Structures are given as C-alpha cells and as structure tokens.
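Notes follow once the structure below has been shown.
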Amino acid sequence: MIKIFPFIFIILWSSAFITTKPIIDYSDPFSALAFRFLIVGFGFFLFCIYKKQKIFINKKHFLESFSSGVLFHGLYLGGVFFSISKGMPTGIAALIVTLQPILTNALSGPILNEKVSIKQWLGVILGFVGTLLVLGFDIGSDIPLIGLFATIIALLAITTSTIWQKKLSNNLPLSVSNMYQALGGFSFNLLVIIFFTEPYIDFSKTFIIAMSHQIFLVSFGAFTILMYLIKNNSASKTVSIFFLIPSTSALMAWLFLNENLSNLDLFGFFITSIGVYIATRD
C-alpha cells in the first residue's frame with residue numbers, strides 16, 4: 001500500500017487545480033483558505049480525540065508544526081490563490097512553482113546533508129523540460145507584477161516548508177502535526193483578512209462542491225500523504241514527483257473539463273515520467 005502513496009498523492013494533488021478556479025470565482029482567496037483550514041484543523045482535532053492521541057504538546061513541537069503550516073497553507077497556497085485572482089495565467093504560476101524540486105535539490109545538500117546524485121539531477125532536469133512542454137512556451141498574456149511577486153513568494157514558501165518539515169525534531173503523529181499546521185494556515189489567512197482585505201464567500205453550490213473536494217481529498221488525503229513521504233524519504237526524491245502534477249492536471253482537464261490535449265502535451269508527460277522515475281529510483 002505504501003508504495004502506491006506517491007501515485008495516490010499525484011492524482012489527489014493534481015485534482016486540486018481543477019477546483020481552485022471555481023473557489024476563487026466565488027470568494028476572495030484568503031477567506032476561502034481561512035475557511036478551508038478552519039474545517040481541516042477541526043477535522044484533525046476530532047480525529048485525534050477519537051484516536052486518543054495527545055494533543056497538548058510542548059512549545060517547541062507546537063511552533064515547528066505551526067510554522068510549517070504558515071509556510072505551506074499560508075504563504076504557498078495564499079500566494080498561488082492570490083496571484084491567480086489578480087490575473088496571473090495559471091500555466092505561468094504552475095511553471096514558476098514547479099521550480100521547487102530544483103531549488104530543493106540545490107538546498108538539500110548544504111542544509112539537510114543529503115547527497116544529490118548526478119542521476120537525480122538528470123531526472124530533475126528531464127522533469128522540468130517535460131513540464132515546460134506540457135505548460136507551453138507561449139504564455140500569451142501580460143504578467144501582472146503583483147501576481148509574479150506572489151508566485152515567487154509561494155515558490156520560496158513551499159521549498160522552505162519542505163526542507164523545514166524534513167528537519168523537524170518531533171515525531172508527532174501525522175494527525176496531531178497536521179492539526180497544528182492547519183491552525184497555522186488558518187491563523188495566517190485570518191490575519192491577512194483582518195488587516196489587508198475584505199472577507200467574501202458566496203456559499204453557492206459550485207463553491208461548496210469545490211471546497212469539499214479540497215478539504216477532504218486534498219487537505220485530509222493528499223497533504224497527509226505528502227507529510228508521510230517527506231518524513232520517510234529524502235526531500236530531494238519526494239519533491240521530484242511534483243513534476244508529474246502539471247501533466248496529470250492536464251490529463252484530468254482533458255477527461256473532465258473537455259480541454260484540449262495535444263501530442264506535445266503527451267510527449268511532455270512521457271518525458272516528465274522518465275525524469276521522475278530516474279530521480280526517485282534507488
């Protein structure tokens with residue numbers, strides 16, 4: 001079962017891109033994220049109570065998990081949601097964030113003392129080239145400066161969060177750690193609402209369906225798997241699977257949204273798959 005976790009993660013995480021736009025259409029980004037992680041945090045709290053897990057932890061472990069949540073659920077997701085809401089083309093945002101495995105590989109050596117082999121670098125490069133083919137070289141529209149800035153912040157946040165998560169000193173149950181990470185994400189987005197924006201959510205049928213998908217399948221499902229993979233594998237190998245996400249998202253959009261899928265997309269998916277295989281194999 002554990003061996004198929006990366007494939008389950010890719011499918012669940014990729015599906016989030018299909019429901020992000022409907023959420024942004026019916027809410028401001030930070031209200032949506034605050035609502036999402038309030039529900040997620042409460043859900044993990046109930047699970048911890050049901051499993052009789054210790055939820056009152058020491059200050060150090062709390063700050064570690066809380067800070068990871070601020071980085072991942074606050075700065076990363078907030079940056080991506082905000083940039084798209086300001087007109088950042090989704091493909092460009094995805095391309096910038098997809099630089100994460102390259103940054104993580106570059107930093108894993110000096111920070112985590114992980115040895116990144118030439119084979120892994122080859123896989124990472126192939127993965128990025130394949131992603132370029134899927135997302136396309138013709139970006140076709142102006143890039144809003146604020147959207148570009150927010151996306152770069154998101155890239156730095158998810159890279160830092162991945163390395164930070166690997167360095168965490170605690171061995172908390174994933175449900176407890178995820179609960180406090182959700183609290184960190186909720187707190188960050190709530191502060192943004194209070195000081196910088198007006199809260200807005202239209203609880204339409206479309207919003208409820210899209211948000212339910214991101215809460216249950218992405219936050220409870222995919223994110224928990226990701227945290228497990230980071231804790232039990234090298235950071236550089238774990239993040240390499242992120243290169244498959246744009247390709248898988250394109251396939252899902254073709255299947256469920258009737259979007260076009262070109263031969264170049266399929267070739268890019270093939271190149272990316274080879275790159276991920278090379279980067280992650282022992």
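Here are F5, F9, F17: which of them is buried (at least 22 other Cβ atoms within 10 Å of the Cβ) and either more than 20 Å from F207 (Cα to Cα) or touching a residue at least 12 places away in the same chain (Cβ under 8 Å) (or both)?
One residue alone meets the criteria, F9.
Table: residues versus (1) modelled with pLDDT under 95; (2) of a type outside the set (G, A, S).
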site: I4; (1), (2): yes, yes
site: F7; (1), (2): yes, yes
site: L12; (1), (2): yes, yes
site: D25; (1), (2): yes, yes
site: A34; (1), (2): no, no
site: F37; (1), (2): no, yes
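Would you check which residues across the range 252-271 are aliphatic (A, V, I, L, M), surrounded by 13 or more Cβ atoms within 10 Å (Cβ to Cβ) and either in a helix (DSSP H, G or I) or touching a residue at least 12 places away in the same chain (Cβ under 8 Å) (or both) and list them?
The answer is M252, A253, L266, I271.
If V176 satisfies every condition in (1) buried (at least 18 other Cβ atoms within 10 Å of the Cβ); (2) under 13 Å from the mean Cα position of the chain (by Cα) but one, which is the exception?
(2) is the only condition that V176 fails.
Kindly indicate whether I57 is of a type in the set (V, I, T) and in contact (Cβ under 8 Å) with a residue 12 or more places away in the chain.
In short, yes.
Kindly establish whether I194 is aliphatic (A, V, I, L, M), at pLDDT 85 or above, in a helix (DSSP H, G or I) and over 22 Å from the mean Cα position of the chain (by Cα).
When the stated conditions are applied, I194 passes them.
Kindly provide the set of residues from the range 81-126 that are of a type in the set (S, T, Y) and within 22 Å of Q214 (Cα to Cα), ordered by number.
Scanning the range 81-126 gives S83, S85, T90, T98.
Do the conditions hold for I225, that is, is it more than 30 Å from F56 (Cβ to Cβ) and hydrophobic (A, V, I, L, M, F, W, C)?
For I225, the condition - more than 30 Å from F56 (Cβ to Cβ) and hydrophobic (A, V, I, L, M, F, W, C) - is not met.
May I ask you to list the residues in the range 39-61 that are in a helix (DSSP H, G or I), modelled with pLDDT under 95 and either surrounded by 12 or more Cβ atoms within 10 Å (Cβ to Cβ) or among the acidic types (D, E) (or both)?
Within the range 39-61, just H61 meets the criteria.
Whether any residue in the range 71-84 is farther than 21 Å from S14 by Cβ, assigned to a loop (DSSP other than H, G, I, E, B) and in contact (Cβ under 8 Å) with a residue 60 or more places away in the chain is what I want to check.
no
Output yes when any residue across the range 71-91 is touching a helix residue (DSSP H, G or I) at 6+ places or on another chain (Cβ under 8 Å), among the hydrophobic types (A, V, I, L, M, F, W, C), more than 30 Å from F196 (Cα to Cα) and at pLDDT 85 or above, and no when none is.
no
Regarding the range 104-121, can at least one residue be identified that is in a loop (DSSP other than H, G, I, E, B), buried (at least 18 other Cβ atoms within 10 Å of the Cβ) and of a type in the set (D, E, K, R)?
Yes - at least one qualifying residue is present in the range 104-121.
Would you tally the residues in the range 1-38 being among the hydroxyl-bearing types (S, T, Y) and part of a loop (DSSP other than H, G, I, E, B)?
Of the residues in that region, 1 qualify.
The values are calculated or read from the model by the stated rules, or taken from the named source; none is laboratory data. Note that the structure is a prediction, hence the values are computed from the model and not measured. Glycine gets a Cβ as well: all are built from the backbone with ideal geometry, and neighbour counts include every protein chain shown.
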